[in-house]
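The values are calculated or read from the model by the stated rules, or taken from the named source; none is laboratory data. A quick note: this is a predicted structure, and the numbers were derived from the prediction, not measured. Cβ: placed from backbone, ideal geometry, glycine included. Neighbour counts: every protein chain shown. For the accessible areas, the whole protein counts, side chains as well, though only heavy atoms, and no ligand, DNA or RNA atoms are used. Shrake-Rupley method; radii C 1.70, N 1.55, O 1.52, S 1.80 Å.
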Amino acid sequence: MLNDYSSFWPPSLFGNDSQGDGSSPADAAAHGGIMGLWSLLDSAPARLAGRGSDLLQLAVLSVTALVALHGVAATWLISNHVAATALVAVPAAVVAVTVACYIRYVHMPADFVIEELNGLLIVTRVKGESGRDYHRYTYSRRQRVRAARHNLRLIGIRSHWSGQSRTVKQVTSLFPEHRLLDPALPEEDGRVHRWLYLHGPIARGRQLDVGIIHVFEDVYAPMKPYYRESGEERPVRRLSVRVRFDLDNAPVEAWQVVWKRSRAGTTRQEVARVECRPINDPNTGSVIYELLKSRPDPGCAYGICWRWPAGGSREETAGTLMAVGQQSTKI
């Protein structure tokens, strides 16, 4: 249980110790003293002092390693008659690597690492009141994360879809013990940033499962026929992307696709595509297209792109939108 902290706090805080019921002056004083100690340790000066201590230790270790390496390098360079400029280049390189490691792992570490990411999109055809068909999409993203720092409380998740609907989209947490914080406002790139509040701090190294489920319909404008996932610039160990259709609503063909940004802040472009074979699921009477990837590139998105059968204006429109601006390399 995420909110069961009884094993981490003194029993007197819960009023169930064997020496009293917490109502005596002594118990109240002990309770106040413990809470005051925790407040002091969690104060801004204490946290700054802890970071300063880490930085001081890193600086001492770096200077020690630099002096030792400089002595060894100088001896080797002089004995081999190497130019004197190398005596400066080697320490400079060591300092640069040390600073980069400090910024990456100490000063600005990642909040969490995604051990496993499983994305599923279920597509069903819906008969509209006016006789016009549209699709309902049930999207779920479940990921196992490992905290990369102490006191992790929020897990950020971004999502985006290209259709239009008249109804408010339903977005909830996959796990009832987590609370979804949803601003429901897309940013300039169309993405909506959401956060899962874990109802308490998570210690570094701890793993837990989080996820969201999102239901939406393309009543007014069809969704572009693709679905992709990424670690959002975070490392992912295992990635799976699956799209499920009813047998009578299956696409004509589908592909496994890789998208990548040419530089930061730009729109992803398709860089690779291979044919994706359908998998029949007799238990649900559906067909599944999937992509599995171990240690995907953090800068890439991976997913499934499909083509609807011809004969409907919505499908033709979606196919046209998908083809506009498409630059791909088949592999």
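The H on the amide N of ARG206, modeled in the peptide plane, is under 5 Å from the matching H of ALA147, each at least 5 residues off or on a different chain.
Counting only protein chain heavy atoms and rolling a 1.4 Å probe, the accessible areas of HIS193, HIS150, HIS199 rank, largest first, as HIS150, HIS199, HIS193. Charge tally around GLU290: other residues with Cβ under 12 Å, Lys/Arg +1 each, Asp/Glu -1 each, net +2. The figure for TRP255 is an accessible area of roughly 50 square angstrom, using a 1.4 Å probe on the protein chains alone. In the context of the full protein assembly, ASP248 retains an accessible surface of approximately 140 Å², using a probe radius of 1.4 Å and ignoring ligands and nucleic acids.
Of the trypsin sites (Lys or Arg not before Pro) in the stretch 256-287, which ones lie in a loop per DSSP and count no more than 12 other C-beta atoms within 10 Å? Could you put the intermediate results ahead of the total?
On the way: sites: LYS260, ARG261, ARG263, ARG268, ARG273; in loops: ARG261, ARG263, ARG268.
Loop-located and lightly packed - ARG263.
Taking TYR134, TYR197 and ordering them by how much accessible surface each has at a 1.4 Å probe, largest first, produces TYR197, TYR134.
Per-residue Karplus couplings for the stretch 245-262, computed as 6.51 cos²θ - 1.76 cosθ + 1.60 with θ equal to phi - 60°, are listed in order as 10, 5, 4, 7, 9, 7, x, 6, 8, 8, 9, 8, 10, 10, 10, 8, 7, 6 Hz, Gly and Pro entered as x. With θ taken as phi - 60° and the Karplus curve 6.51 cos²θ - 1.76 cosθ + 1.60 applied, the whole-hertz 3J(HN,Hα) list for the stretch 213-228 is 10, 9, 10, 8, 10, 9, 5, 8, 9, x, 6, 5, x, 7, 8, 9 Hz, x standing for glycine and proline.
Arrange the residues PHE216, PHE175 by how much accessible surface each exposes, largest first, with a 1.4 angstrom probe.
Working: PHE216 10, PHE175 40 Å².
The ranking, largest first, comes out as PHE175, PHE216.
Once you order the gyration tensor axes a ≥ b ≥ c over the Cα atoms, which shape class does the stretch 109-250 get: rounded for a/c under 1.5, otherwise prolate or oblate by comparing a/b with b/c? Prolate. For PHE175, nonlocal amide neighbours, meaning residues 5 or more places apart or on other chains whose placed amide H falls under 5 Å from its own, are GLY211.
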